[in-house]
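*Asks:* Can you read through this structure? Questions will come right after.
Every read-out reported here was derived from the displayed coordinates using simple, explicitly stated rules and does not represent laboratory data. No experiment lies behind these values; they were computed from the predicted model shown. When we count neighbours, we look across all protein chains shown, and the Cβ atoms used for this are built from the backbone with ideal geometry, even at glycine.
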Amino acid sequence: MKQLISLFILLVVTSTSIAQNEKFSNYSERSKLVIGIDVDQMRYDYLTRFYDKYGEGGFKRMMNEGFNCKNNHFNYIPTYTGPGHASLYTGTSPKYHGIIANDWYDKELKRNIYCVEDTAVQSVGTRGDLGQMSPVRMKTTTFGDENRLFTQMQGKTIGISIKDRASILSAGHTANAAYWFQGKNEGNWVSSTHYMTELPKWVTDFNKKHSVESYLKVWNTLYDIATYTESGSDLNTFEKGFKGKETATFPYDLATLKNDNGGHDILKSTPYGNSLTVDFAIEAIKGEQLGKDNITDVLTISFSCTDYVGHNFGVNSKEVEDTYLRLDLDLERLFKALDEKVGKNNYTVFLTADHAAVNVPAYLQSVKIPAGYFDSKGFDKKINSFMETNYGASDLIESISNNQIFLNRNKLQELDLDLDDVQEAIVNEIITYKYIDKAYTATALTSTSFSTGIERLIQNGFNQKRSGDVVYVLDPAVISDSKTGSTHGSGLEYDTHVPLLFFGKGIKHGSTLQKTEITDIAPTMSALLNIGYPSGNMGKPLEFVFN
Ligand code: ZN
Ligand code: ZN
Ligand code: ZN
């Protein structure tokens, strides 16, 4: 009996210690660092178009060692930077996270607001109001927030991007820091009091050490320009270029062009801004000791320069090709630093984009593809005169922005007009206008549930509280921007189809053509870490990417 008891005790002791070990080992097996990478305006086909020219350690390393979701799409309109970053980190769309555009008309404040502006916080590391930014308008949590909650605020989150909105919306509400770049005549990485009262030493050291001047080189192609056979000719009529240089052709002497192009801000429209971003990210890994212990940290990096270059030169330009070939080398540098500092099988990376972009419409027209330019000013005039003729008032429309019309509710009441009737009348009017393909009333978008097609995308992008009374959609490849350079914003494939690569700890090698959506990324990271899903999540974890 005595022996039986001691055997029993032995069994109990062993099984508890096994349980504890298991708990510990399960926990320590979690990735030590999750790195979310956004490449602003990256189309899926940049992976394949430039594939032969990429090195082995950047994009190709992710494709060859990790998992490639080849058919990954945005599932809402509008495909802009603010909503893009919010959606990929919250696992939901503007309908729930509330970031309906980069700027939008605020119905209560009766003025246009910027998606991350916040007058309740102060700038840190910069003069003036350019640091007065926070994620206050984003209504739901990011997976980084969930990781902070899960780890009792011990796992860190750091956000980095040249663009404030890209850094802030990725990092989330509870982030230890979000840093963005103040160009103009400063050239420093800055933040706001939402995160801190002053910049940490590693940031001020970096700002002192890395003068922007050292990145303002003569921009020439990385390889012989004659070998850039994947793009159009360098000299063409579809590119904007820099002020102070007659043609949009290599080489670009950035130090000379600087004065005419926003001072240090010129860096944003060159591949060297991406190098600066990687230099800063590597310093953050060191300075914040990211991935050093067993409590998972999150680092979000967004490369903004690809977007500025795309807007300036267009999807088919040699400048875009060169920017991606150089970004590929910067990624290789980042992955090498992660191997060294965090350890090869200790971190997990995903790479995607916040939207893609359309070919320059004038170029498409030149090769007989339907495309065009929408005259926004003419549209404003025409719809306002329609309102005046029909309702006898000139101020019934408060704002037209992001392809939405906001009505003056007080005025409607004053004139005893029925909201639904007026919305309906506007839809019937504008659908007859050139280049307007579709139009919907807010009432239709909030009373019917669309599960397919462009209507689903509009509905996912429509926030009942913040969006307008009428939403319209332009014809394919019709934009309201200038006739040079590319842009984005639509629900068409050229704007929605973006890369999605996973790589590192917990990820298997493979690829799929199965359709995945941008809102699947955050729940996938939550599932990988075994933590709660972001509060407004509507995506599904992509189980097939896991080991
Ligand atoms: Zn963007
Ligand atoms: Zn060019
Ligand atoms: Zn853009």
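*Asks:* How large is the Rg to Rh ratio of the chain when both quantities use alpha carbon positions and Rh follows Kirkwood?
*Replies:* Across the chain, the Cα-based Rg/Rh ratio is 1.01.
*Asks:* So, one more: Write down the Kirkwood hydrodynamic radius of the range 354-402, to one decimal in angstroms, obtained as one divided by the mean of 1/r over all alpha carbon pairs.
*Replies:* For the range 354-402, the Kirkwood estimate is 13.6 Å.
*Asks:* Per q in 0.10, 0.12 Å⁻¹, report the Debye log10 I(q)/I(0) for the range 392-541, using one uniform scatterer on each alpha carbon and no solvent.
*Replies:* -0.51, -0.69
*Asks:* With the convex hull built on the Cα atoms of the range 244-368, state its orientation-averaged projected area in nm².
*Replies:* Reported value for the Cα convex hull: 9.7 nm².
*Asks:* While we're looking at this one, here's another question. Taking the Cα-to-Cβ direction at GLU56 and at LYS107 and moving 7 Å from each Cα, how far apart do the two end points lie in nm?
*Replies:* Each label point is offset 7 Å from its Cα along the Cβ direction, giving 5.8 nm.
*Asks:* In addition: For a footprinting-style exposure proxy, rank LYS53, LYS344 by other Cβ within 10 Å, fewest first.
*Replies:* Numbers: LYS53 17, LYS344 11.
Ordered from fewest to most neighbouring Cβ atoms within 10 Å, LYS53, LYS344 come out as LYS344, LYS53.
*Asks:* Please list the three semi-axes, largest first and in whole Å, of the ellipsoid equivalent to the range 82-133, using sqrt of 5 times the eigenvalues of its alpha carbon gyration tensor.
*Replies:* 22, 16, 8
*Asks:* For a quick protection proxy, order the peptides 177-187, 389-399, 154-164 by their average other-Cβ count within 10 Å, most packed first.
*Replies:* 154-164, 177-187, 389-399
*Asks:* Treating only the Cα positions of the range 238-281 as identical point scatterers, give the base-10 log of I(q)/I(0) from the Debye formula at each q in 0.22, 0.24, 0.32, 0.33 Å⁻¹.
*Replies:* Here the Debye-derived log intensity ratios amount to -0.76, -0.86, -1.20, -1.23.
*Asks:* Give me, ordered by chain and number, the residues 5 or more places off ASN71 or on other chains with an amide H under 5 Å from its own placed amide H.
*Replies:* THR516
*Asks:* So, one more: For ARG456 and THR48, what is the calculated FRET efficiency with R₀ set at 22 Å and r taken between the beta-carbons, to the nearest 0.05?
*Replies:* For R0 = 22 Å, the calculated efficiency reads 0.20.
*Asks:* Counting pairs of Cα atoms in the range 95-206, how many percent are more than 22 Å apart?
*Replies:* In whole percent, the long-distance tail amounts to 32.
*Asks:* Quote the convex hull volume per residue of the range 403-480, based on C-alpha atoms, as a whole number of Å³.
*Replies:* With only Cα atoms used, the range 403-480 gives 102 Å³ per residue.
*Asks:* Once Rh is set to the Kirkwood radius over Cα pairs, what Stokes-Einstein translational diffusion coefficient, in µm²/s, holds for the range 371-429 at a temperature of 37 °C and a viscosity of 0.692 mPa s?
*Replies:* Working: Rh = 12.1 Å.
Result for D is 272 µm²/s.
*Asks:* Something else about it: Taking the radius of gyration and the Kirkwood hydrodynamic radius from Cα positions alone, what is the Rg/Rh ratio for the range 323-434, to two decimal places?
*Replies:* 1.29
*Asks:* Count the lysine pairs in the range 232-330 whose Cα atoms lie under 26 Å apart, taking only pairs 8 or more positions apart in sequence or on different chains.
*Replies:* So the count works out to 13.
*Asks:* Continuing with the same structure: Going through the range 245-320, which GluC sites (Glu not before Pro) have at most 12 other Cβ atoms within 10 Å and a DSSP loop state?
*Replies:* Here the GluC sites (Glu not before Pro) that fit, given the DSSP loop and packing criteria, are GLU246.
*Asks:* Let me confirm the definition first: pairs of Lys residues in the range 41-131, 8 or more apart or on different chains, C-alpha distance under 24 Å. How many are there?
*Replies:* 4
*Asks:* Which three extents, in angstrom, do the Cα atoms of the range 480-547 have along their principal axes, listed largest first?
*Replies:* Result, largest extent first: 47, 30, 19 Å.
*Asks:* If you take every DSSP beta bridge whose two residues both sit in the chain, what share of them, in percent to the nearest 5, is antiparallel?
*Replies:* If I count the DSSP bridges inside the chain, around 55 percent turn out antiparallel.
*Asks:* On to the next question. For the range 135-180, how big is Rg over Rh, using alpha carbon atoms and the Kirkwood form of Rh?
*Replies:* 0.96
*Asks:* Here is a follow-up. Normalised by the residues of the range 164-261, what does the relative contact order come to in percent, with Cα pairs under 8 Å and at least six apart?
*Replies:* 19 percent
*Asks:* Here's something else I'd like to know. Can you give the direction-averaged projected area of the convex hull of the alpha-carbon atoms in the range 186-306, in nm²?
*Replies:* 10.3 nm²
*Asks:* Mean separation of Cα pairs under 8 Å and 6+ residues apart, divided by the residue count of the chain: what relative contact order is that in percent?
*Replies:* With pairs under 8 Å counted, the relative contact order is 28 percent.
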